[in-house]
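The values are calculated or read from the model by the stated rules, or taken from the named source; none is laboratory data. Computed from a prediction, not measured in an experiment: that's the story for all the values here. Cβ atoms come from the backbone with ideal geometry, glycine included; neighbour counts cover every protein chain shown. Accessible surface areas use protein heavy atoms only, side chains included; no ligands, DNA or RNA. Shrake-Rupley method; radii C 1.70, N 1.55, O 1.52, S 1.80 Å.
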Amino acid sequence: MLEGKVAIITGGTRGIGFETSKLFAKNKANVILLGSREETVNKALEDLKKEGISNVEGYYPNLNNYEEIENLFSSIKENYGHIDILINNAGISASKPIEDTTVEEFDRIMSLNVNAMFYTTKAVVPFLKENNGGVILNTSSMVSIYGQPSGVGYPASKFAVNGFTKSLARELGKYNIRVNAVAPGVTNTDMVSNLPKEVIEPLLKTIPLGRIGEPIDVANAFLYLASDMASYVTGNILSVDGAARS
Ligand code: NAD
């Protein structure tokens, strides 16, 4: 579904981003996965190689350094000739009550979940315009609809992801650049295994499909949105949450 496309995926070393990188590569995209550390990037590439997937490379830029991102994206464009798809997927969560959340912790969430999304998107837009089109996808969350009972920085950041997505779709539509987000529900990754039981259990009870999501459920939604099957879909926040929306 993505033959010949070049896709950059942040947070591609594990969880949703890793599964999406694998699925995109299987669908014949050239994938550039980004992670936070050399070891985790190398491990992800090794794991993919073991599965016979070699059309993937990886880097570990500081996503909060705009210049570093700009330089990396320019070299990717030089190597491949074009960049077609960006997925802003790297993210961290929070679950502490507001009084226990430090200013630094709040800043860290906003820096990665919001500011870094702006930096990578700003850096990729000129290349997408050059191609006369492209796709930007963001990872939102089910908590971007109603919030969550603790850890306010996380839903605040994901409400920002939705606003960014809807607004940019309107700004960039005239360049044939589609901008959408996927809003996963509780999904079986490291992020969830770190959450306390008190947060997970009440959430599980609200899932009509009766199970938590798997990374492939989210990766499939990204594949659809990145492909020409979604050629008239932009400015959408696609829930992939088993209908668990409250
Ligand atoms: P994960 O913790 O398994 O993976 C997070 C990824 O982000 C990793 O690849 C990691 O390298 C990268 N990352 C973390 N900190 C980074 C930093 N400072 N710089 C660069 N990269 C960094 O999590 P996941 O569950 O796969 O989450 C992926 C996205 O999905 C996130 O945006 C998250 O908010 C969102 N999400 C997850 C769930 C869930 O239940 N797992 C639900 C809704 C939304």
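Observations, loosely collected:
- The chain, accessible surface, carbon-and-sulfur percent (1.4 angstrom probe): 51
- Of the GluC sites (Glu not before Pro) found in the range 16-91, those in coil by DSSP whose Cβ has at most 14 other Cβ atoms within 10 Å are 51.
- Calculated from backbone phi, Karplus (6.51, -1.76, 1.60) coupling profile of the range 68-75 in Hz, x at Gly/Pro: 4, 5, 4, 5, 5, 5, 5, 6
- Considering only 126, 184, 196, the Gaussian network model of the chain with Cα springs below 10 Å gives its largest mean-square fluctuation to 196.
- Under 5 Å, built H, 5+ apart or other chain: amide partners of residue 187: 213
- Structure remark: mean-square fluctuation, Gaussian network model of the chain, C-alpha springs under 10 Å; the largest value among 173, 213, 134 belongs to 173.
- Whether the chain is rounded, prolate or oblate, judged on the alpha carbon gyration tensor where a/c under 1.5 counts as rounded: rounded
- Listed residue pairs exceeding 23 Å between alpha carbons, taken from 50/158; 26/49; 77/166: 50/158; 77/166
- Hz values of 3J(HN,Hα) by residue in the range 90-107 - Karplus curve (6.51, -1.76, 1.60), Gly and Pro given as x: 4, x, 10, 10, 8, 9, 7, x, 4, 5, 8, 8, 7, 4, 5, 5, 5, 4
- Note on the range 6-240: with charges restricted to the Cβ of Lys and Arg (+1) and Asp and Glu (-1), its dipole about the Cα centre is near 680 debye.
- Cleavage-rule hits (chymotrypsin sites (Phe, Trp or Tyr not before Pro)) in the range 179-246: DSSP loop, at most 10 neighbouring Cβ within 10 angstrom: 232
- Seen from residue 4, the other residues with C-beta closer than 11 Å to its C-beta sum to a net charge of 0, counting Lys and Arg as +1 and Asp and Glu as -1.
- Note on residue 193 and residue 130: with the Förster distance fixed at 45 Å, the Cβ-Cβ geometry gives a FRET efficiency of about 0.65.
- Of 58, 194, 219, farthest towards positive along the dipole that unit charges on Lys, Arg, Asp, Glu beta carbons give the chain: 219
- Backbone N under 17 Å from the residue 37 label point (7 Å along Cα→Cβ), restricted to the range 57-72: 59-63
- Extension gain, residue 233-residue 146: 0.36 nm per intervening residue step, less the Cα-Cα distance, totals 29.0 nm.
- Amide hydrogen proximity for residue 177: with H placed 1.01 Å from N in the peptide plane, the residues at 5 or more positions away or on another chain lying under 5 Å are 134.
- Remark: the range 32-150 carries 51 Å² of accessible area per residue (probe radius 1.4 Å; ligands, DNA and RNA excluded).
- For residue 111, the shell of other residues with beta-carbons less than 12 Å away shows a net charge of -2, using +1 for Lys and Arg and -1 for Asp and Glu.
- Full extension of the chain between residue 211 and residue 50 yields a length gain of 55.0 nm, computed as 0.36 nm times the residue separation minus the alpha carbon distance.
- Zone of residue 27's modelled label, taken as backbone nitrogen in the range 35-79 under 11 Å from a point 7 Å along Cα→Cβ: none
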